[in-house]
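Peer 1: This structure is in structure tokens; I'll ask about it shortly.
The values are calculated or read from the model by the stated rules, or taken from the named source; none is laboratory data. These numbers come from a predicted model, not from an experiment. Neighbour counts run over all protein chains shown; Cβ positions are idealised from the backbone, glycine included. Each accessible area value is taken on the protein alone, full model and side chains, heavy atoms only, with ligands, DNA and RNA left out. Shrake-Rupley method; radii C 1.70, N 1.55, O 1.52, S 1.80 Å.
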Amino acid sequence: MTESVLFSRRAEIKAKDNAHRAKLGKAIRTYDIAVANMKSRQFSDWEAARRLAAGIKDYSIQNLPNLLESFEEKISARGAQVLWAEDASEARGFLIDILRTESVAKVVKSKSMTTEEIEVNELLENVGIDVHESDLGELIVQLAGEKPYHIVTPAMHKSIAEISELFHKHLGANRTDSPEELTAIARSHLRETFITADAGITGANFIVANDGSIVVTENEGNAILTAACPRIHIVIVGIEKVIPSLADLSLFLPLLATSGTGQRITCYNSIFRGPRQVGEVDGPEKMFVILLDNGRTRLFANENARESLRCIRCGACLNTCPVFKTVGGHAYNTVYQGPIGSVVTPHMKGLREWGHLSHASSLCGACTSVCPVKIDLHNLLLDNRASLVRANSSDWRLEMAMRYWARLMTRRDRVDRVMKVWKWIVHPFLRVLPISFTRSIPSIASESFSQHWRRHVESRNNH
Amino acid sequence: MSSRETIINSLRQAAGSKEAQYVAAPADAAIYSDYPKTGDADLIDNFSTRLTELKGECFCADSVSAAGELILRLINNEDTGRYIVQQASIIDDIATSHRAFADCLSTRADRTTPSDSKSLATYTVGISTAELLVARTGSIISRSLYNGGRRFFAIVPFHIVVAYRSQIVPSLDDVFVRFSATEEAWSHATIISGPSRTSDIEKNLVLGAHGPKRLAVIIVDAKGIETASSRIFDDLLSR
């Protein structure tokens, strides 16, 4: 079965699932209030801030090679090792090599979408290395044997009761309906893990070119512990995450926090610039940074789609998207869900299999209007649709249908004739088709718009 | 050809001759409507309001000796565990001027961060200074070079920070200027804004996800400055 068919099936199930709709609705309403509040409380001019951020990211993307080289030079000087991976399998190879050379038996991870791209958990489980997610939401989906539901809120779809059941089953905890108690269970379970893990894997929200820094933004403190307790720190980060200078963070950290969760700034924003240095009391013995391409140079090569590399993964486009809000995050079956996922996945993983996601949009433009780095999301979806049509140009049926469609639609009298056929022959059929069981079919007006126009407007003008 | 060359070359090739202009973001004062006013008292007030919103606690102390008294009262209600206290001049100043605090340090505190995370995790209270405090965001700047390492502040259940009022800066801009001007090699810094938290369970805010459940900041030498937090301080001392 193709991904396209599977998407439709999963979407249909979720669209009719009222419990799912209620959980998602609650989470997104809370988010909407917090975001609207923080935008107006914090920024003198949100639009201007978006333009600035988009400009800085544009510059960074356009100058990726230079900025990445600068980053590499600076962080290497402090003893970190930088590895470049063209695709997921090369990154997986690097990771296994490091873990084997350093005799690592236990790994703790903080939240990172790039590790989802290269499927670190499956990889490590297969070679017998213990791997533990440490972000609370990620821990919940790992225990449930699921993939993250949302790039920022991975367990958005889980209720308190479901989480309690998971903790009872997998961690041997007593059942509870208190979020505080559930958090405390996760805390004590993971405390032990941080202390005993040999290596910590984190992602990065930004990489800073001018001084060779990795920036990780979070609320729980698990990313710091992941990068601080084990003797090895491994960072896996997409090459597009680079910004020119440390000073740019005073715009990007509040921007990301506002769009991501409606916070002024997240609780912990950490800068990691290498393993333990002379004069420091702690820190890992070794640090590795894996720079991941995995389709990003292909996105870069497409002049229209290139701007999607500006994305700072805040999740705002997901939370505002009427399609996401109806079908949920798992329907997409992609690492990146919602509008941004539908834009980048066909470029990263293939148009043939993933092009259908371009249609998982009403083109309403809500995503574009909230994006903090002004990615023209809905027009890029339209672009992907055009590519899809071009890729299928060998399909004579589609060619033929479109040619007739064009002939019809370019002449008024032909449209009128078709509408008559529709009104008297097709429309009555609709009323007995299965669609009429779930929707009421409106009746067609007695006169067409053009007839109405002629009768009222033109006759009035003639007076 | 290595993957590094392949990636760099394909980016260079596709980039073509298209030029993009780097326009750095303007100063925070121009971007943020909540940028603090310039007076010293305004900075303290701003910091304390923000930190309190973030569920942290903020106190002002007239002198180092008052800070010592305040710390003892803050940890008095905690259990009788051991404390980890950073080596910093402000903490030595407090110990010199407050006998009971000095006694507490010598009987119940360790002054060197243990090398293993397991022992570090046994402390019930951690006391440190901050490199800077940021008024606009209510943030505490902790850098590996100066603040007892990168694990300390994320492990202790109760973190007390003491800093002089001169360490407050208006905004994050000031932090990054200072970072960029540092010559020694440093490997870590964290901008801490409130106690550790999560909203991953049905969007309910819970404190103490992994790091501190409780975070208190004491601003020393803030004599004569009336803020909401200094009133809390008076209240605490009169108890």
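Peer 1: With (1) under 27 Å from A:Gly338 (Cβ atoms); (2) out of contact with any Phe, Trp or Tyr (no Cβ under 7 Å at 6 or more places or on another chain); (3) buried (at least 22 other Cβ atoms within 10 Å of the Cβ) as the list, and A:Ser159 as the residue in question, which single condition is left unmet?
Peer 2: Condition not satisfied by A:Ser159: (3).
Peer 1: Please find, within region A:233-265, the residue that is most open to solvent (accessible area, probe 1.4 Å) out of those that are β-branched (Val, Ile, Thr) and within 8 Å of chain B (Cβ to nearest Cβ).
Peer 2: This residue is A:Thr261.
Peer 1: Could you tell me which residue of region B:94-116 is farthest from the chain's Cα centre (by Cα), considering only residues that are of a type in the set (Val, Ile, Thr) and in a helix (DSSP H, G or I)?
Peer 2: B:Thr107
Peer 1: Looking at A:Ala186, A:Ala223, A:Ala197, A:Ala204, which one is more than 11 Å from chain B (Cβ to nearest Cβ) and open to solvent by less than 60 Å² (accessible area, probe 1.4 Å)?
Peer 2: It is A:Ala204.
Peer 1: Being more than 7 Å from chain A (Cβ to nearest Cβ) and either surrounded by 21 or more Cβ atoms within 10 Å (Cβ to Cβ) or within 16 Å of A:Asn269 (Cβ to Cβ) (or both) is the filter here, so list the residues in region B:172-198 that pass it.
Peer 2: Within region B:172-198, B:Asp174, B:Val175, B:Arg178, B:Pro195 meet the criteria.
Peer 1: For region B:130-140, which residues satisfy the criterion of being crowded, with 24+ Cβ neighbours inside 10 Å and more than 10 Å from chain A (Cβ to nearest Cβ)?
Peer 2: Within region B:130-140, B:Ala130, B:Leu133, B:Ala135, B:Ile140 qualify.
Peer 1: Taking A:Asn302 as the residue in question, decide whether it is surrounded by fewer than 21 Cβ atoms within 10 Å (Cβ to Cβ) and not charged (D, E, K, R).
Peer 2: Here the answer is yes, as A:Asn302 does meet what is asked.
Peer 1: OK, next. Mind listing whichever residues of region A:37-52 are of a type in the set (A, V, I, L, M) and at the interface with chain B (Cβ under 8 Å from one of its Cβ atoms)?
Peer 2: A:Ala48, A:Ala49, A:Leu52
Peer 1: Let me ask something additional. Does A:Arg21 satisfy the criteria of being of a type in the set (D, E, K, R) and facing chain B (nearest Cβ under 7 Å)?
Peer 2: no
Peer 1: Can you pull out the residues in region B:119-129 that are over 9 Å from the mean Cα position of the chain (by Cα), open to solvent by less than 10 Å² (accessible area, probe 1.4 Å) and small (Gly, Ala, Ser)?
Peer 2: B:Gly126
Peer 1: Oh, and also: Answer yes or no: is there a residue in region A:160-171 that is outside any helix (DSSP H, G or I) and either on the phi > 0 side of the Ramachandran plot or touching a residue at least 12 places away in the same chain (Cβ under 8 Å) (or both).
Peer 2: The answer is no; no qualifying residue exists.
Peer 1: Any residue at all in region A:24-36 that is within 12 Å of another protein chain (Cβ to nearest Cβ), among the polar types (S, T, N, Q) and buried (at least 18 other Cβ atoms within 10 Å of the Cβ)?
Peer 2: There is no residue in region A:24-36 that is within 12 Å of another protein chain (Cβ to nearest Cβ), among the polar types (S, T, N, Q) and buried (at least 18 other Cβ atoms within 10 Å of the Cβ).
Peer 1: Which one of these does A:Gln62 not meet: (1) open to solvent by less than 50 Å² (accessible area, probe 1.4 Å); (2) closer than 30 Å to B:Val23 by Cβ; (3) touching a residue at least 24 places away in the same chain (Cβ under 8 Å)?
Peer 2: (3)
Peer 1: Moving on to the next point. Give me the helices (runs of 4 or more DSSP H) completely within region A:384-463, filtered to those with at least 1 residues that are surrounded by 11 or more Cβ atoms within 10 Å (Cβ to Cβ) and on the phi < 0 side of the Ramachandran plot, ordered by residue number.
Peer 2: A:396-409, A:412-421, A:427-430, A:435-438, A:449-453
Peer 1: Against the condition over 28 Å from B:Ser2 (Cβ atoms), touching a His at 6+ places or on another chain (Cβ under 8 Å) and not β-branched (Val, Ile, Thr), how does A:Ser361 come out, does it pass?
Peer 2: yes
Peer 1: May I ask you to list pairs of residues, at least six apart or on different chains, whose Cβ atoms are under 8 Å apart, with the first in region B:208-221 being under 25 Å from B:Arg165 (Cα atoms) and within 13 Å of another protein chain (Cβ to nearest Cβ) and the second being part of a loop (DSSP other than H, G, I, E, B) and of a type in the set (A, V, I, L, M, F, W, C)?
Peer 2: That search, which allows pairs on different chains as well, returns B:Pro212/B:Val156.
Peer 1: Can you name the residue in region A:124-140 that is in a helix (DSSP H, G or I) and away from every other protein chain (no Cβ under 14 Å) and is also least open to solvent (accessible area, probe 1.4 Å) among such residues?
Peer 2: A:Leu124
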